[in-house]
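> Quick one: the structure is below, and I'll ask about it shortly.
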Amino acid sequence: EVQLVESGGGLVQPGGSLRLSCSASGFTFSNFWMTWLRQAPGKGLEWVANIRRDGSVKSYVDSVNGRFTISRDNAKNSLYLQMNSLRVEDTAVYYCARDFSPAYYYDSNTYYLDAFDVWGQGTMVTVSS
Amino acid sequence: AIQMTQSPSSLSASVGDRVTITCRASQGIRNDLGWYQQKPGKAPKLLIYGTSTLQSGVPSRFSGSGSGTDFTLTISSLQPEDFATYYCLQDYNYPRTFGQGTKVEVK
């Protein structure tokens, strides 16, 4: 069964750190881009960061850039999100998602889409004093 | 960052109704748009990517259209399991951005 399982969430004080993990099973992890997304209580979805198959390319939303670090260990089929200098506004359910990156052809060029077809159940991060 | 504006933010509908949700991008995004469905307490589910390509296993009553800045998700005949919140997501550039969501409720 294709599955993603997040762990590592919890309660942390402002300014603190937390490391989230996402364990993948049932598919060849190293073949896929991976993404972290989050959802604050009662709010909409927010894309946080993604990472290329081999870990060589990473992107972040501005609000976490410089504080959060996405990484992966393909030998362990695991994705990580190191979160430092946490703020109250980082409180959210954090999801990891697999991106199967479908290609399409437009104007003689090939482009790759994001398509998050497998999601974890989410892990709650609460930043509060 | 590209802003995605969804409308309406909520709607009330009955089983069998045709439902249309709109997403407008603050700049052109080609066809780089996806739609996700989320039910309370659950992770989102991919419905459509690349504006109009139905994800495997998604019922054909869901369809997507549009290009450039204006996009539409249509549910041709609303079913009981379709009451949920729907989000559009642009993947044209970074950071990826979602619309604010449309909650489809029972009328």
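> Among the residues of the stretch A:80-95, write down those that are more than 10 Å from chain B (Cβ to nearest Cβ), within 10 Å of the chain's Cα centre (by Cα) and either within 17 Å of B:GLN38 (Cα to Cα) or among the aromatic types (Phe, Trp, Tyr) (or both).
Correct list: A:TYR80, A:TYR94.
> Next question. Only residues that are more than 10 Å from every other protein chain (Cβ to nearest Cβ), on the phi > 0 side of the Ramachandran plot and touching a Gly at 6+ places or on another chain (Cβ under 7 Å): list them for the stretch B:54-107, please.
Within the stretch B:54-107, just B:GLY68 meets the criteria.
> Could you please find all residues in the stretch A:21-63 being within 14 Å of chain B (Cβ to nearest Cβ), among the hydrophobic types (A, V, I, L, M, F, W, C), touching a residue at least 12 places away in the same chain (Cβ under 8 Å) and not in a strand (DSSP E or B)?
The first filter runs over the stretch A:21-63 and keeps only residues within 14 Å of chain B (Cβ to nearest Cβ), leaving A:22, A:32-52, A:57-63.
Those left that are additionally among the hydrophobic types (A, V, I, L, M, F, W, C): A:22, A:32-34, A:36-37, A:40, A:45, A:47-49, A:51, A:57, A:61.
When the remaining residues are screened for being touching a residue at least 12 places away in the same chain (Cβ under 8 Å), the result is A:22, A:32-34, A:36-37, A:40, A:47-49, A:51, A:61.
A:PHE32, A:ALA40, A:VAL61, listed by residue number.
> Okay, moving on. With the condition kept exactly as written, say whether any residue in the stretch A:102-124 is among the β-branched types (Val, Ile, Thr), touching a strand residue (DSSP E or B) at 6+ places or on another chain (Cβ under 9 Å) and under 19 Å from B:CYS88 (Cα atoms). Break it down into steps so the answer makes sense when it comes.
Step one: list which residues in the stretch A:102-124 are among the β-branched types (Val, Ile, Thr), which gives A:110, A:118, A:123.
Pick out the ones that are also touching a strand residue (DSSP E or B) at 6+ places or on another chain (Cβ under 9 Å) and you get A:110, A:118, A:123.
With under 19 Å from B:CYS88 (Cα atoms) added as a condition, the list becomes A:118.
Yes, there is a match, as at least one residue in the stretch A:102-124 is among the β-branched types (Val, Ile, Thr), touching a strand residue (DSSP E or B) at 6+ places or on another chain (Cβ under 9 Å) and under 19 Å from B:CYS88 (Cα atoms).
> Would you check if A:THR126 is out of contact with any Lys or Arg (no Cβ under 6 Å at 6 or more places or on another chain), assigned to a strand (DSSP E or B), without any contact (Cβ under 8 Å) to a residue 24 or more places away in the chain and of a type in the set (Val, Ile, Thr)?
On the way: out of contact with any Lys or Arg (no Cβ under 6 Å at 6 or more places or on another chain): yes; assigned to a strand (DSSP E or B): yes; without any contact (Cβ under 8 Å) to a residue 24 or more places away in the chain: no; of a type in the set (Val, Ile, Thr): yes.
Against the criterion (out of contact with any Lys or Arg (no Cβ under 6 Å at 6 or more places or on another chain), assigned to a strand (DSSP E or B), without any contact (Cβ under 8 Å) to a residue 24 or more places away in the chain and of a type in the set (Val, Ile, Thr)), A:THR126 does not qualify.
> Go through the stretch B:26-90 and tell me which strands (runs of 3 or more DSSP E), entirely inside it, have 3 or more residues that are touching a residue at least 60 places away in the same chain (Cβ under 8 Å). Full working, then the answer.
Working: elements: B:33-38, B:45-49, B:62-67, B:70-75, B:85-90.
Per the criteria, B:85-90.
> Have a look at A:TYR80, A:TYR95 and point out the one that is in contact with a Cys (Cβ under 9 Å, 6 or more places away or on another chain) and either part of a loop (DSSP other than H, G, I, E, B) or farther than 30 Å from B:THR53 by Cβ (or both). So that I can check it myself, show each step before the final result.
Details: A:TYR95 fails: either part of a loop (DSSP other than H, G, I, E, B) or farther than 30 Å from B:THR53 by Cβ (or both).
Residue meeting the stated conditions: A:TYR80.
Quick note: the coordinates plus some simple rules give every number you see, no bench work behind them. Here the structure is a predicted model, which is why all the values come from computation and not from measurement. Note: ideal-geometry Cβ built from the backbone for every residue, glycine included; neighbour counts use all protein chains shown.
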